[in-house]
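S.K.: The following block contains the structure, expressed as structure tokens.
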Amino acid sequence: MKVKTRFAPSPTGYLHVGGARTALYSWLYTRHAKGTFVLRIEDTDLERSTPEAIEAIIEGMNWLDLSWDEGPFYQTKRFDRYEQVINQMIKAGSAYRCFCSKERLEQLREEQMAKGEKARYDGHCRCESVQKSYTGNEPHVIRFANPVDGSVLFNDLIRGPIEIANKELDDLIIRRTDGSPTYNFCVVVDDWDMEITHVIRGEDHINNTPRQINILKALGAPLPQYGHVSMILGDDGQKLSKRHGAVSVMQYRDDGYLPEALLNYLVRLGWSHGDQEIFSREEMIEFFTLDAVSRSASAFNTEKLLWLNHHYINHLDADYVAQHLMWHMQKQGYDLSHGPDLVSIVKLYGERCKTLKEMAESCAYCYNDFSDFDADAAKKHLRLVAKEPLELIKHKLTQISELDWQTETIHHAIQSTADELSVGMGKVGMPLRVAVTGIGQSPSVDATIQAIGKSRTLSRIDKAINYILARADQ
Ligand code: GLU
């Protein structure tokens with residue numbers, strides 16, 4: 001049997017990490033089985049669905065590079081089909097018109113609650129006499145005639161066997177009074193028409209599954225297999241929400257994460273393969289199975305995500321990381337026409353930066369001149385004693401040709417300055433660092449100077465010497 005799965009988000013907001021993990025599991029399951037992955041946009045809730053949300057979902061899927069083979073299909077374009085199936089069901093007797101008024105339903109509910117029973121429709125209109133009374137004008141909803149006896153049993157691919165007695169299930173409304181089909185019904189028709197073999201979705205849908213199975217059975221449709229993925233919690237054990245920080249996939253891009261890091265993080269959040277932590281995309285596909293997916297909820301841990309991001313910044317091809325860094329550089333308004341290429345920035349700052357956003361911020365002095373030295377750093381390192389080392393290192397750096405402007409030659413110049421003045425490297429390196437970067441921390445000073453370039457370096461040393469002189473005058 002050829003595997004066919006789908007990711008079926010409702011476009012009512014951004015693609016959040018929970019949805020992205022469900023999409024990832026479904027995608028991995030499909031790719032592992034060499035099946036077909038469908039993207040279906042469940043946009044029947046006209047009030048809550050927006051075109052921006054559809055775009056955000058597609059943007060998120062693209063950024064994570066979770067490619068789909070069919071779709072995106074839109075439920076709003078399939079209303080004729082839903083109508084057709086409803087009519088068939090009415091004819092076949094597996095659906096019926098319900099004329100009950102709101103008042104009657106409300107009263108029924110109150111009575112049931114008073115008796116301590118679960119509120120559910122009592123099947124009042126489910127008899128032939130009521131159905132025959134329809135003249136074509138009375139407002140009504142359509143209900144699914146759920147089996148009265150027996151139970152629905154399915155083997156959840158993640159949670160094992162689940163059985164629900166039919167008497168627990170309502171005669172579900174499948175078409176509202178205004179003629180619009182309801183959510184559970186559209187899902188069923190879609191899964192059937194799209195020949196979905198495996199439904200992998202969030203556990204918040206577990207109650208829908210027996211209802212959907214009953215409708216599929218009534219239609220004589222083959223049943224897909226179902227797997228329900230557990231929730232993601234915040235680090236405080238509560239359901240993950242905005243107050244825990246970023247929950248939207250694109251927010252992670254904005255915050256400087258690589259898609260590889262987020263995918264690796266999400267795959268491990270509720271799934272394991274021995275004690276392996278780092279997975280390439282190919283490894284995820286190769287090793288992913290649903291029986292290794294956890295049944296319990298998983299807690300989001302930003303520290304671990306940061307750790308993975310740091311890992312990927314340093315282990316992926318620097319050219320590739322630089323492409324992602326470019327986005328942040330542009331967002332932060334850098335003029336990249338003067339300054340080092342981004343591959344060298346990745347190599348230089350990878351060690352000390354956990355996110356690309358931080359990297360883009362940290363390398364500012366490689367592209368832009370700064371107006372002031374950081375006050376603390378200047379106070380500590382741009383003192384009168386630093387004047388001589390700065391003058392000497394400037395002299396030595398001036399001698400280096402553009403062609404020889406390499407980390408090693410710069411290092412050598414710093415070393416020989418320190419030797420000639422009989423001081424430690426730090427007595428030259430620190431003033432030099434503050435002079436060229438304006439701040440007290442940077443990657444190794446020789447490599448930083450190499451990246452900043454000769455003319456900028458020299459003029460910044462001049463500026464630092466002038467600063468020292470002006471201060472000494474006061
Ligand atoms: N549209 C549903 C949601 O976004 C998913 C339905 C399903 O996967 O069956 O939660």
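S.K.: Scan the range 308-320 and give yes if some residue there is in contact with a helix residue (DSSP H, G or I) (Cβ under 8 Å, 6 or more places away or on another chain), open to solvent by 60 Å² or more (accessible area, probe 1.4 Å), within 26 Å of G13 (Cβ to Cβ) and not polar (S, T, N, Q), otherwise no.
M.R.: Start the filter on the range 308-320 by keeping residues that are in contact with a helix residue (DSSP H, G or I) (Cβ under 8 Å, 6 or more places away or on another chain), which leaves 308-309, 311-313, 316, 318-319.
Narrowing further to those that are open to solvent by 60 Å² or more (accessible area, probe 1.4 Å): 319.
Applying the additional criterion that residues be within 26 Å of G13 (Cβ to Cβ) yields none.
No - not one qualifying residue is present in the range 308-320.
S.K.: With respect to the numbered conditions (1) closer than 30 Å to A95 by Cα; (2) in contact (Cβ under 8 Å) with a residue 12 or more places away in the chain; (3) away from the ligand (no atom under 16 Å from the Cβ); (4) surrounded by fewer than 16 Cβ atoms within 10 Å (Cβ to Cβ), which one is the sole condition not fulfilled by A218?
M.R.: (4)
S.K.: Give me the pairs, please: first residue somewhere in the range 459-474 and hydroxyl-bearing (S, T, Y), second residue anywhere and surrounded by 11 or more Cβ atoms within 10 Å (Cβ to Cβ), beta-carbon distance under 6 Å, and either six or more positions apart or on two chains.
M.R.: Y467/L382
S.K.: Quick one: would you say I41 is touching a strand residue (DSSP E or B) at 6+ places or on another chain (Cβ under 6 Å) and under 20 Å from M250 (Cα atoms)? Don't jump to the end; show me each part of the working.
M.R.: Working: touching a strand residue (DSSP E or B) at 6+ places or on another chain (Cβ under 6 Å): yes; under 20 Å from M250 (Cα atoms): yes.
For I41, the condition - touching a strand residue (DSSP E or B) at 6+ places or on another chain (Cβ under 6 Å) and under 20 Å from M250 (Cα atoms) - is met.
S.K.: If you go through the range 227-242 one residue at a time, do you hit one that is in a helix (DSSP H, G or I) and open to solvent by 40 Å² or more (accessible area, probe 1.4 Å)? Step through it out loud before you land on a result.
M.R.: Pass one, the range 227-242, residues in a helix (DSSP H, G or I): 242.
With the extra rule that they be open to solvent by 40 Å² or more (accessible area, probe 1.4 Å), the set shrinks to 242.
Yes, because at least one residue in the range 227-242 is in a helix (DSSP H, G or I) and open to solvent by 40 Å² or more (accessible area, probe 1.4 Å).
S.K.: Restricting attention to the range 183-215, and to residues there that are of a type in the set (S, T, Y) and either within 13 Å of the ligand (Cβ to nearest atom) or under 17 Å from E42 (Cβ atoms) (or both), which single residue is surrounded by the fewest Cβ atoms within 10 Å (Cβ to Cβ)?
M.R.: As a first pass, look at the range 183-215 and keep what is of a type in the set (S, T, Y): 183, 197, 209.
Subset that is either within 13 Å of the ligand (Cβ to nearest atom) or under 17 Å from E42 (Cβ atoms) (or both): 183, 209.
Numbers: Y183: 15, T209: 20.
Applying the filter and picking the extreme gives Y183.
S.K.: Of everything in the range 89-106, what is open to solvent by 30 Å² or more (accessible area, probe 1.4 Å) and touching a residue at least 40 places away in the same chain (Cβ under 8 Å)? Give them in sequence order. Walk me through it before giving the result.
M.R.: Going through the range 89-106, the residues open to solvent by 30 Å² or more (accessible area, probe 1.4 Å) turn out to be 90-93, 97, 99, 101-106.
Those that are open to solvent by 30 Å² or more (accessible area, probe 1.4 Å) and touching a residue at least 40 places away in the same chain (Cβ under 8 Å): I90, A92, G93, R97, F99.
S.K.: For the range 149-165, check the following and say yes or no: at least one residue is polar (S, T, N, Q), open to solvent by less than 30 Å² (accessible area, probe 1.4 Å) and over 30 Å from L15 (Cα atoms). Show your work before the answer.
M.R.: Applying the first criterion (polar (S, T, N, Q)) to the range 149-165 yields 151, 155.
If we keep only those that are open to solvent by less than 30 Å² (accessible area, probe 1.4 Å) too, we end up with none.
Within the range 149-165 (the criterion being polar (S, T, N, Q), open to solvent by less than 30 Å² (accessible area, probe 1.4 Å) and over 30 Å from L15 (Cα atoms)), the answer is no, since none of the residues qualifies.
S.K.: Test each condition in (1) over 30 Å from Q251 (Cβ atoms); (2) at pLDDT 95 or above for A472 and report the one that comes out false.
M.R.: (2)
S.K.: In a helix (DSSP H, G or I) and acidic (D, E): which single residue out of E103, E117 fits that description?
M.R.: On the way: E117 fails: in a helix (DSSP H, G or I).
Answer to the selection: E103.
S.K.: Here's something else I'd like to know. Would it be correct to say that F79 is within 12 Å of the ligand (Cβ to nearest atom) and closer than 25 Å to N214 by Cα? Break it down stepwise before answering.
M.R.: Details: within 12 Å of the ligand (Cβ to nearest atom): no; closer than 25 Å to N214 by Cα: yes.
It is false that F79 is within 12 Å of the ligand (Cβ to nearest atom) and closer than 25 Å to N214 by Cα.
S.K.: Checking the condition surrounded by fewer than 22 Cβ atoms within 10 Å (Cβ to Cβ), β-branched (V, I, T) and farther than 27 Å from K331 by Cβ, which residue from V428, V445, V385 passes? Working first, answer last.
M.R.: Values: V428 fails: surrounded by fewer than 22 Cβ atoms within 10 Å (Cβ to Cβ); V445 fails: surrounded by fewer than 22 Cβ atoms within 10 Å (Cβ to Cβ).
None of the other options fit; the residue is V385.
S.K.: So which pairs qualify, if the first residue must be in the range 133-147 and in a loop (DSSP other than H, G, I, E, B), the second must be open to solvent by 60 Å² or more (accessible area, probe 1.4 Å), the Cβ gap must be under 7 Å, and the two must be at least 6 apart or on different chains?
M.R.: Final answer for the pair search is P139/T177; H140/T177; A145/R126.
S.K.: When the range 324-340 is examined, which residues are found to be open to solvent by 50 Å² or more (accessible area, probe 1.4 Å) and within 19 Å of the chain's Cα centre (by Cα)?
M.R.: In the first step, residues of the range 324-340 are kept if they are open to solvent by 50 Å² or more (accessible area, probe 1.4 Å); the result is 326-327, 330-333, 335-338.
If the condition is that a residue be open to solvent by 50 Å² or more (accessible area, probe 1.4 Å) and within 19 Å of the chain's Cα centre (by Cα), then W327 is the only one that fits.
S.K.: Which count do you get for residues in the range 360-395 that are within 28 Å of E420 (Cβ to Cβ) and small (G, A, S)?
M.R.: Result for the range 360-395: 3.
S.K.: Specify the residue that is surrounded by the most Cβ atoms within 10 Å (Cβ to Cβ); the eligible residues are those in the range 243-252 that are modelled with pLDDT under 95 and of a type in the set (A, V, I, L, M).
M.R.: V247
S.K.: Just give me the residues in the range 29-41 being open to solvent by less than 10 Å² (accessible area, probe 1.4 Å) and over 13 Å from W68 (Cβ atoms), in sequence order.
M.R.: none
The values are calculated or read from the model by the stated rules, or taken from the named source; none is laboratory data. None of the values given here were measured: they were computed from a predicted structure. Every residue, glycine among them, receives a Cβ derived from its backbone with ideal geometry; neighbour counts consider all protein chains shown. With ligands, DNA and RNA removed, areas are computed over all heavy atoms of the protein, side chains included. Shrake-Rupley method; radii C 1.70, N 1.55, O 1.52, S 1.80 Å.
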